[in-house]
Amino acid sequence: MPIDTHPCKAPQNPIYQLDSICHRGPGMVTAGKVFRLSDEVRLSEIVSKLKGYRKVEEFKEKDRSISLITEVSDLQSSENSFTGFFSKDYISYAVHRGTTTLVPRTVRSLFSFIRDRDRVLLAILEKKRLANQIANQISQILYGSIGRVVEARIPPETLRNYQGQNPESTKITFFDNVDIPSVTKLSLYGSDLTSTSLFTDYLKHGDLWYAIVTSRKHGHIVGITRNACVTVFNKVDRETYLDYVRDEVFPLLS
């Protein structure tokens with residue numbers, strides 16, 4: 001059936017079905033997205049450009065003036081990689097009994113640059129929209145323009161092969177590039193969906209775009225899209241998440 005869904009996270013409407021299928025508890029999801037640098041660059045050069053980065057912008061509204069800070073901090077290097085935090089201040093508004101109050105807040109996001117063979121990859125531990133914004137801002141810092149830190153991609157057949165390594169664990173699948181007229185996406189939900197004739201038929205009509213599977217090696221329940229959005233649904237810390245991404249997602253990237 002045709003559906004409309006967010007491309008980098010689990011479908012929104014059937015979220016309760018996702019909870020029951022994946023045995024997911026509240027507050028247990030870790031989301032991120034992988035990017036690649038389009039130009040060859042040494043990690044030491046990236047560190048030198050990001051280290052100490054701090055930008056202050058003044059926000060004024062009526063009689064209030066607030067300094068909004070964007071900065072990179074806590075850089076830590078290891079062999080062939082380094083991590084850090086990208087922090088950015090935002091303005092939000094709270095309404096209490098008809099009175100609107102301006103509330104500044106800070107979002108602090110972990111990122112990791114990793115040299116993988118002959119390329120440099122960037123993992124940002126945020127949901128798609130914010131991860132994309134941070135990737136563009138990092139591109140601006142490193143190169144003076146956006147478009148140099150770009151999406152990493154997983155070929156359709158590669159994602160299909162990864163899903164096929166543990167087919168009985170597949171809980172949800174989405175397909176795009178569907179060749180049926182007036183149908184843009186297809187989806188299947190269930191604990192035994194890969195054994196159905198519908199799954200085989202959908203593979204003939206479209207490309208696998210998103211799958212929720214259980215990692216055979218790490219045991220994590222993960223959702224992966226072809227543009228390298230990765231969500232781990234069981235409780236993991238940030239380092240465990242990055243270990244999984246480096247170990248199982250990086251080899252899938254084209």
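Can you sort Arg115, Arg246 so the residue with the fewest Cβ neighbours within 10 Å comes first? Intermediate values should be presented prior to the final figure.
Details: Arg115 15, Arg246 18.
The most exposed by this proxy come first: Arg115, Arg246.
Using Cα pairs under 8 angstrom and six or more residues apart, how large is the relative contact order of the chain, in percent?
Numbers: 476 pairs, mean separation 58.8, N = 254.
Reported as a whole number, the value is 23 percent.
Return the ratio Rg/(2.2 N^0.38 Å) for the chain, where Rg is computed over Cα atoms only. It would help to have the intermediate numbers written out before the result.
Values: Rg = 20.2 Å, N = 254, 2.2 N^0.38 = 18.0 Å.
Here the answer is 1.12, to two decimals.
Specify which residue in the list Tyr53, Ile146, Asn132 is farthest towards the positive end of the charge dipole of the range 34-151, using unit charges on the beta carbon of Lys, Arg (+1) and Asp, Glu (-1), about the Cα centre.
Checked the options; the winner is Asn132.
Hey, fewest Cβ within 10 Å first, where do Phe199, Phe35 land in order?
Numbers: Phe199 19, Phe35 25.
Ranked by crowding around the Cβ, least crowded first: Phe199, Phe35.
Please report, to one decimal in angstroms, the Kirkwood hydrodynamic radius of the range 34-151 built from all distinct Cα-Cα pairs. It would help to have the intermediate numbers written out before the result.
Numbers: mean 1/r = 0.0642 Å⁻¹.
Radius from the Kirkwood sum: 15.6 Å.
Over the Cα atoms of the range 181-250, what radius of gyration and what Dmax do you get, in Å?
Calculated on Cα positions, Rg and Dmax stand at 14.2, 44 Å.
Give the relative contact order (percent, whole number) for the range 152-254; include only Cα pairs under 8 Å separated by 6+ residues.
Taking the mean separation of contacting Cα pairs over the length of the range 152-254, I get 32 percent.
So how much slack lies between Arg238 and Thr100, counting 0.36 nm per residue of separation and subtracting their Cα-Cα distance, in nm? Write down the numbers at each step before the final one.
Values: separation 138, 0.36 × 138 = 49.68 nm, distance 3.58 nm.
Contour length minus Cα-Cα distance gives 46.1 nm.
Under a point-charge model restricted to the Cβ atoms of Lys and Arg (+1) and Asp and Glu (-1), what is the dipole moment magnitude of the range 34-151 relative to its Cα centre, in debye to the nearest 20?
Working: 20 positive and 15 negative charges, 66 e Å.
Roughly 320 debye for the range 34-151.
Using a Förster radius of 45 Å, what is the FRET efficiency between Glu151 and Lys62 based on their Cβ-Cβ separation? Nearest 0.05, please. Could you put the intermediate results ahead of the total?
Numbers: r = 40 Å, r/R0 = 0.89.
Given R0 = 45 Å and the Cβ-Cβ separation, E is 0.65.
Charges at C-beta only: +1 for Lys and Arg, -1 for Asp and Glu. How large is the resulting dipole of the chain about its Cα centre, in Debye rounded to 20? All intermediate terms of the calculation are to be shown ahead of the outcome.
Numbers: 34 positive and 29 negative charges, 118 e Å.
The calculated dipole for the chain is roughly 560 debye.
What is the Rg over Rh value, at two decimals, for the range 60-119, using alpha-carbon atoms and the Kirkwood definition of Rh? Could you put the intermediate results ahead of the total?
Working: Rg = 18.0 Å, Rh = 14.4 Å.
Rg divided by Rh gives 1.25.
If R0 is 30 Å, what FRET efficiency do you get for Glu79 and Lys49 from their C-beta distance, rounded to 0.05? Kindly include the intermediate steps, with their values, before the conclusion.
Values: r = 20 Å, r/R0 = 0.68.
My answer for the efficiency is 0.90.
When averaged across all projection directions, what area in nm² does the alpha-carbon convex hull of the range 85-234 cover?
Values: hull surface 54.8 nm².
Mean projected area for the range 85-234: 13.7 nm², to one decimal.
For the range 34-151, what's the relative contact order in percent, using C-alpha pairs closer than 8 Å and at least 6 residues apart?
Values: 206 pairs, mean separation 31.7, N = 118.
After rounding, I find 27 percent.
Using the number of other C-beta atoms within 10 angstrom as an exposure proxy, rank Asp118, Asp247, Asp176 with the fewest first. Mind dumping the intermediate values first?
On the way: Asp118 6, Asp247 12, Asp176 16.
Going from sparsest to densest Cβ surroundings: Asp118, Asp247, Asp176.
Using a Gaussian network model of the chain whose springs link C-alpha atoms within less than 10 Å, name the residue from Asp201, Asp243, Asp74 with the highest mean-square fluctuation.
Asp201
Provide, for the range 168-237, the number of lysine pairs with alpha carbons under 22 Å apart, each pair being eight or more places apart or on different chains. Intermediate results must be reported in sequence, preceding the final value.
Working: Lys171/Lys185; Lys171/Lys204; Lys171/Lys217; Lys171/Lys235; Lys185/Lys204; Lys217/Lys235.
Within the range 168-237, the lysine pair count is 6.
Give me the number: length gained by fully extending Arg119 to Glu168, i.e. 0.36 nm times residue separation minus the C-alpha to C-alpha distance, one decimal in nm. Spell out each step's value before the answer.
Numbers: separation 49, 0.36 × 49 = 17.64 nm, distance 3.34 nm.
My answer for the length gained is 14.3 nm.
Residue by residue through the range 52-57, which ³J(HN,Hα) values in whole Hz follow from phi under the Karplus form 6.51 cos²θ - 1.76 cosθ + 1.60 (θ = phi - 60°), with glycine and proline marked x?
Values, residue by residue: x, 5, 7, 10, 10, 10 Hz.
Just so you know, all these numbers are worked out from the coordinates, no wet-lab data involved. All values reported here derive from a predicted model rather than from experimental measurement. So basically every Cβ, Gly included, is an ideal-geometry build from the backbone, and we count neighbours across all protein chains shown.
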